[in-house]
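The values are calculated or read from the model by the stated rules, or taken from the named source; none is laboratory data. Bear in mind that the values here come from a model prediction, so they are computed numbers and not experimental data. Heads up, the Cβs are rebuilt from the backbone with ideal geometry, glycines too, and the neighbour counts pull from every protein chain shown. Side chains included, ligands, DNA and RNA excluded: accessible areas come from the protein's heavy atoms. Shrake-Rupley method; radii C 1.70, N 1.55, O 1.52, S 1.80 Å.
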2 protein chains.
Amino acid sequence: MRLLLATRNKKKLVELRRVLAEAASDVELVGLDDVDEYPESPETGLTFEDNALLKAREAVQFTRLPSIADDSGLAVDALNGMPGVFSARWSGLPSGTPNRDEANLNLVLAQVADVPDEHLGAAFVCAAALVWPDGRELVVRGEMRGHLIRAPRGDGGFGYDPIFVADGHDRTTAELTPAEKDAISHRGIAFRALAEHL
Amino acid sequence: MRLLLATRNKKKLVELRRVLAEAASDVELVGLDDVDEYPESPETGLTFEDNALLKAREAVQFTRLPSIADDSGLAVDALNGMPGVFSARWSGLPSGTPNRDEANLNLVLAQVADVPDEHLGAAFVCAAALVWPDGRELVVRGEMRGHLIRAPRGDGGFGYDPIFVADGHDRTTAELTPAEKDAISHRGIAFRALAEHL
């Protein structure tokens with residue numbers, strides 16, 4: 001079976017392929033780079049679930065393949081769950097700007113600079129949607145709880161990983177190995193939950 | 001009676017004096033610039049009410065005068081009520097940075113750039129606390145509902161005024177006269193509510 005993951009992010013493709021290899025070995029996963037002239041739409045949803053569903057539905061409409069899309073982000077308790085769906089564009093810099101991840105991360109650190117340590121709780125959240133050409137839809141949510149630290153640590157991962165320490169760990173998610181991160185990550189949780197339905 | 005307003009913001013002093021002149025004419029209002037060696041503390045609260053109370057209590061401890069303090073900000077629906085208590089430092093720039101208001105405002109506009117118009121609801125919120133040397137405390141909240149526009153308009157007011165249009169108005173709060181703004185503003189509502197208790 002061919003299945004589309006509506007992303008151009010190669011790391012996400014690799015991650016989902018790894019999960020699918022365990023859960024549903026007869027699936028051939030393709031990404032948007034394998035689809036000609038795919039029309040990009042802005043992410044206008046106000047929840048992770050909305051955005052994941054919007055992206056998966058668009059992918060099905062265009063490709064007629066069963067399609068998975070995810071939307072992920074960092075939810076900081078003291079910021080009422082923000083940056084949330086705005087995580088990638090939190091600093092206002094346009095997509096493709098060099099060091100955008102770093103600008104986003106530094107902005108969050110500055111915003112919580114006066115917040116006491118005990119209120120630095122946060123979670124990485126991922127909503128993943130699976131939409132079939134016959135109209136069936138499924139959305140799942142994965143969360144990884146933890147807290148922010150005051151200064152970045154680690155070279156792995158991406159986005160806000162260098163300032164996030166998952167519950168039960170001492171290292172940031174940028175200091176975990178890919179396998180360690182997969183095992184506990186919001187996206188790993190959500191992708192595994194979806195894979196069970198393939 | 002001498003009363004302290006725990007602020008160095010002259011516009012707030014003028015605004016509260018105007019409200020008090022109508023409500024409680026025997027009050028002499030002083031600001032922090034009239035108090036020698038006043039110790040500044042960071043605003044560590046996570047709600048407007050917390051911050052207003054913290055500031056008013058500190059003012060009473062230091063001056064032994066009945067003291068009013070307020071904390072105000074912009075609460076954008078699509079940002080889960082943020083910038084909220086972080087309104088003044090939303091862009092991460094330190095206090096005193098030239099054009100900080102403009103940087104904050106431009107950041108909010110960039111963050112909501114993809115949010116559909118019908119989800120641009122917002123409110124200006126003010127919590128005002130009155131604390132007496134004998135320990136009595138009162139906190140009130142004033143709100144002005146409205147919506148954001150996509151580009152700043154108007155030279156009056158300050159902060160996020162140029163991108164906020166109050167319900168029932170066409171002009172931004174930066175385009176209203178001071179008297180028009182006082183009549184509907186979050187701070188005007190909160191200060192008038194407090195003045196009734198003096």
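The alpha-carbon of B:Lys181 sits under 28 angstrom from the alpha-carbons of these lysines, leaving out residues fewer than 8 places away in its chain: B:Lys10, B:Lys11, B:Lys12, B:Lys55. Where chain B is rotated onto chain A, the residue of B whose Cβ comes nearest the axis, and that gap in whole Å, is B:Asn80, 2. For segment A:63-90, heavy-atom accessible area (probe 1.4 Å) falls by no less than 10 Å² from the chain alone to the full protein assembly at A:Ala78, A:Leu79, A:Asn80, A:Met82, A:Phe86, A:Arg89, A:Trp90.
Against chain B, whose longest principal axis is taken from its Cα atoms, helix B:10-23 shows a tilt of about 60°.
Grab the DSSP H runs of chain A that are 4 residues or longer, score each as -39,500 (n - 2.57), total them, divide by all residues and round the 222 nm result to the nearest 500 deg cm²/dmol. Only helices count here, giving -9000 deg cm²/dmol. Once both labels are positioned 7 Å from their Cα atoms along Cα-to-Cβ, the gap between B:Trp132 and B:Tyr38 label points is 2.2 nm. Take each residue in A:45-54, count the other chain C-beta atoms within 10 Å of its C-beta, and the mean is 1. How far, in degrees from 0 to 90, does helix A:186-195 lean away from the longest principal axis of the Cα atoms of chain A, to the nearest 10? Between helix and principal axis, roughly 20 degrees. Only protein heavy atoms count here, probed at 1.4 Å, and on that basis chains B and A bury about 1800 Å² of accessible area in total. In segment B:2-195, inverting the average of 1/r over every pair of distinct C-alpha atoms gives 17.2 Å as the Kirkwood radius. Plainly put, the tip 7 Å out from Cα toward Cβ on B:Gly96 is 4.0 nm from that tip on each other copy, the closest given first. Largest first, the residues B:Glu28, B:Glu40 sort by 1.4 Å accessible area into B:Glu40, B:Glu28.
Across the identical copies, the 7 Å label point of B:Leu138, projected outward along Cα→Cβ, sits 5.9 nm from its counterparts, in ascending order. What the protein assembly as shown shows is 45 Å² of accessible area per residue, with the surface traced by a 1.4 Å probe over protein heavy atoms. Shown for chain A: the carbon plus sulfur share of the solvent-accessible area, taken with all protein chains present and a 1.4 angstrom probe, equals 51%. Each copy carries a label point for B:Ala113 at 7 Å from Cα toward Cβ; from one copy, the others' points are 2.5 nm away, ordered from shortest. Connecting C-alpha atoms closer than 10 Å in a GNM of chain A, tell me which of A:Ser41, A:Ser91, A:Ser72 has the biggest fluctuation. In the Gaussian network model the winner is A:Ser41.
Computed from point charges on the beta carbon alone (+1 for Lys and Arg, -1 for Asp and Glu), the dipole magnitude for the protein assembly as shown about its Cα centre is near 160 Debye.
For chain A, the longest principal axis of the alpha carbon atoms and the long axis of helix A:48-63 meet at an angle near 30°. Counting only DSSP beta bridges with both residues in the protein assembly as shown, the antiparallel share comes to about 80 percent.
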